[in-house]
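One structure is given here, and the rest of the page talks about it.
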Amino acid sequence: MKAALPADEGERLRLLHALDLLDSPPEPAFDRITRLLARVLDVPIALVSLVDEQRQWFKSRVGLEVSETPREYAFCAHTILKASPLVVSDATQDPRFCDNPLVTGEPNIRFYAGVPIRSSAGLALGTLCVIDDKPRTLSQEELDTLCDLGDLASKEVKLRETLLLSSSQLERSREILDASEVRYRSMFELASVGIGFLSPEGAWISVNQSLCNIVGYSEDELNRLSFQDITHPDDLATDLLQLQRLVDGGVEHYQTETRYVRKNGRPVWISLNVTSKTAENGELEYFVAIIKDIHARKVAEEALHAIQNELEDRVILRTRELREANAQLLGAIKRQRESDQALRRRTAELSAVIEHADYAYISMDQSGLVTAWNRKAEALFQWSAAEAIGQRLERLIIAPEAGRAHVESVENYLQTGTTHVLDQAREVTALRRDGTSIMVEVRIKALDIDGEKIFSAFLSDISARKEIEALLEREVRQDMLTGLLNRRALSELLPQAIARADRSEQPFALLFVDLDGFKAVNDDFGHESGDMVLCAVADRLRACLRKVDSAVRLSGDEFVVVVEGVNGLEDGQRVATKLLESIVEPIALHRVSVSVGASAGIALYQPGTGMSGDAVLNEADARMYEAKRAGKGRIVPA
C-alpha cells in the first residue's frame, strides 16, 4: 500500500534539499549510529533513510548494498507520517506491506522498526530504522534505544540546519540596514556566539565578549593577537588552506569544526564559519568569523563513544540506554569598539545574525509591550511575530503565577533603576502558546534609547540539558546491573531515613542480606548466569517492599533493605522472613533452574539516640555474619 503524502510535504522537501544531505558522502556521526544500532538490536540491516520526492536515499547503511529504493515501496514513507515509532513484526501478515516487492523479493523484509528523524521545526525528513528477514518484536528497552538513537540522528540534522542558517546569515546580512546603531551594538555584544572581524593578515580587529569567553582572553589581549596565535597547531595548516581558498575566490565562505587554544593552554572545540568582505574594486577588506563553542558537544560525543564500548563489553543482553548530551550555547555580553562608520557597515550583518540566530530574541518597551520577536522566538514559543508584537509579554510566555512579579519587577526598575535580573544568565520556566512549559536560559539588558527604556532579552531552550543532568544524576545513584540503588545512594539515604525517624518518632529497620550458594552458581554456570541470579533477586526484593522502603545492592551478592515506619524488631523480622522465602524460590537460567538462599542481619534505629547511619549498617552487618556462622538461611536481629 502506497503511503499518503505528509501535510507539510512541500516545506519538508525544500528543507531536505537545502541541507545538501541527499547524495552526499558518508559521515562518521551517522555511520556510528547505524553500526551501534545494528549491534545493540542484533539486526542485519540498520539505515538512516531520507525520504525524497520519488525515492528514499540511505545517508548511512549497515547490511544493505543498494543506496536507494523507490518511495512507493518505502516502509519509511509510512513512518514519517507517525508521531510514534512504526513497528512491523511480520510484513507478510500486514496488509500494507504483504505484496511489497521488498517483502516478496530481496531483501525479504519481515521485521521493520523505524522512528522519524525530525528537523528543528518538527519536519520529518527521514527515519532511523532496522530491518530483519525474520519476524520478531522489540522489547520496551530496545524500543527506547531505537528512539534515543533516533533523537541523536535528529540532533545531527538540526546541527546541519544551524550551520545552514549561519551561512545564510552571512550572505543576507549585507542587504539589511537598521537605523538604530545603539540597538545593533547591543546585539553584537549580546550574541551568544562569538563574532570577530579579522584583517587580511589574520589579526583580530574587533571581537565580542562571547568570543573572549570562549578563548579566555580579554578584548584588548585578543586584539593584539592573530587567529594563527590561538589556533591549535595540529589544525592550523587545514585552517590556512581553507582561508586561502576563500581569498582566491574558490569559495564564498567556509565552515569547519576546529580547535582554538584558550589562554590557560587548554584546547576548546569550536564551529567556525568565515566569510570575506571585499571592496568594490575587488580588494579584500576584512574577514568575518562566527565562532560557536561546541566543546561540550564534543565531550558528549566522546562520552557516548565510551558508553558504546561499555555496552559492547557487557554483551547485548545488558545494553543500557544511550544518552546524548548536547550542551547549550552560553550567552554573554558583547562589546564593540568600532567607529561609528564601521558600526554602520556592520549593523546589517548583526541584524541578520539576530534574526536567524539559534536563540530567541525578544524586545519589550517600558510599558511592557513586545516590540521585537525573531524567528527563533516564533519557533520556540509558537507565536508569530505579527501576533506577538504589541502584546504584553506576561500574556505570551510568562506563567500566570509569575506574571505579577514580572510587572512589579519592571515597575520597580523604572522607578529605582535597580534590579537583580539584568545582565546575568537566569534559568526560568516559560510557556508556549499551547500551554506547555519549557525551561529557558535568559539574559536581559536594559537600553536607554531616546529617553525610553528598551528591554532586550535573549532566550535559549535548555530543556534537553536539564533532562540530561537529571538522567546523569540518576545513573550515579543506581546500580547498573540490577537497577537498585547503589552504595553512594545508600550514603545519602541513611541520613535522610534517620532525620525522618527523628521527626516522626518511629524507628526504622535495616536488613543486611547476603546470598547463600551464589558462588556455586558463578562457578558452575558462569558470571553471566550469576548476573541473571542477581537481577532476579533484585526483582524479588522490589516486589516484597512498599514504596516507602528502599532496596540497595551494596556490592557483589550483598544487599541492604531499609524498612521505615516500623514498631520494632518484630516488623523487621517479618519483612526479612518474607524476603528470604521469596529468594529461595527457583530461578530459571536458560534451560536449567537454580536456587540460592540468603542470610540476614537486622539492626533497629531508635529515634533520638544519635546513632549514625554507618553504625546502623555495621550493626546489621555483624548480625548477618552471626547468621552465616549459625548455618546460613538464618535471620539474626540485633
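The values are calculated or read from the model by the stated rules, or taken from the named source; none is laboratory data. It should be emphasised that the depicted structure is a prediction, and the values quoted were computed from it without experimental measurement. Neighbour counts are summed over all protein chains in view; Cβ atoms, including those assigned to glycine, are modelled from backbone coordinates with ideal geometry.
See the values below:
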{"quantity": "Segments classed as helices (runs of 4 or more DSSP H), wholly inside segment 159-257, with at least 3 members that are surrounded by 20 or more Cβ atoms within 10 Å (Cβ to Cβ) and modelled with pLDDT under 90", "calculated": "181-190"}
{"quantity": "Subset tally (residues that are polar (S, T, N, Q) and under 15 Å from residue 83 (Cβ atoms)) for segment 110-129", "calculated": "2"}
{"quantity": "Those residues of segment 478-501 which are of a type in the set (A, V, I, L, M), surrounded by fewer than 17 Cβ atoms within 10 Å (Cβ to Cβ) and in a helix (DSSP H, G or I), in sequence order", "calculated": "499"}
{"quantity": "Among (1) surrounded by 16 or more Cβ atoms within 10 Å (Cβ to Cβ); (2) of a type in the set (A, V, I, L, M); (3) in contact with a Lys or Arg (Cβ under 8 Å, 6 or more places away or on another chain) - the single one residue 472 does not satisfy", "calculated": "(1)"}
{"quantity": "Qualifying strands (runs of 3 or more DSSP E) (wholly inside segment 362-477; at least 1 residues being on the phi < 0 side of the Ramachandran plot, in the same structural domain as residue 152 (by TED's automatic domain parsing) and modelled with pLDDT under 90)", "calculated": "none"}
{"quantity": "Sole exception among (1) in contact with a Ser or Thr (Cβ under 9 Å, 6 or more places away or on another chain); (2) closer than 28 Å to residue 610 by Cα for residue 457, by number", "calculated": "(2)"}
{"quantity": "Residues being surrounded by fewer than 13 Cβ atoms within 10 Å (Cβ to Cβ) and either closer than 16 Å to residue 558 by Cα or touching a Phe, Trp or Tyr at 6+ places or on another chain (Cβ under 7 Å) (or both) - total across segment 584-605", "calculated": "0"}
{"quantity": "Failed criterion for residue 581 (all others in (1) among the charged types (D, E, K, R); (2) touching a Leu at 6+ places or on another chain (Cβ under 6 Å); (3) exposed (fewer than 15 other Cβ atoms within 10 Å of the Cβ) hold)", "calculated": "(2)"}
{"quantity": "Cross-chain or 6+ apart pairs with Cβ under 7 Å, segment 542-570 first and farther than 23 Å from residue 530 by Cα, then basic (Lys, Arg)", "calculated": "564/500"}
{"quantity": "Which listed residue, of 520, 497, is free of Cβ contacts under 8 Å to residues at least 24 places away in the same chain and closer than 30 Å to residue 601 by Cα", "calculated": "520"}
{"quantity": "Some residue of segment 594-609 being polar (S, T, N, Q), at pLDDT below 95 and closer than 22 Å to residue 491 by Cα", "calculated": "yes"}
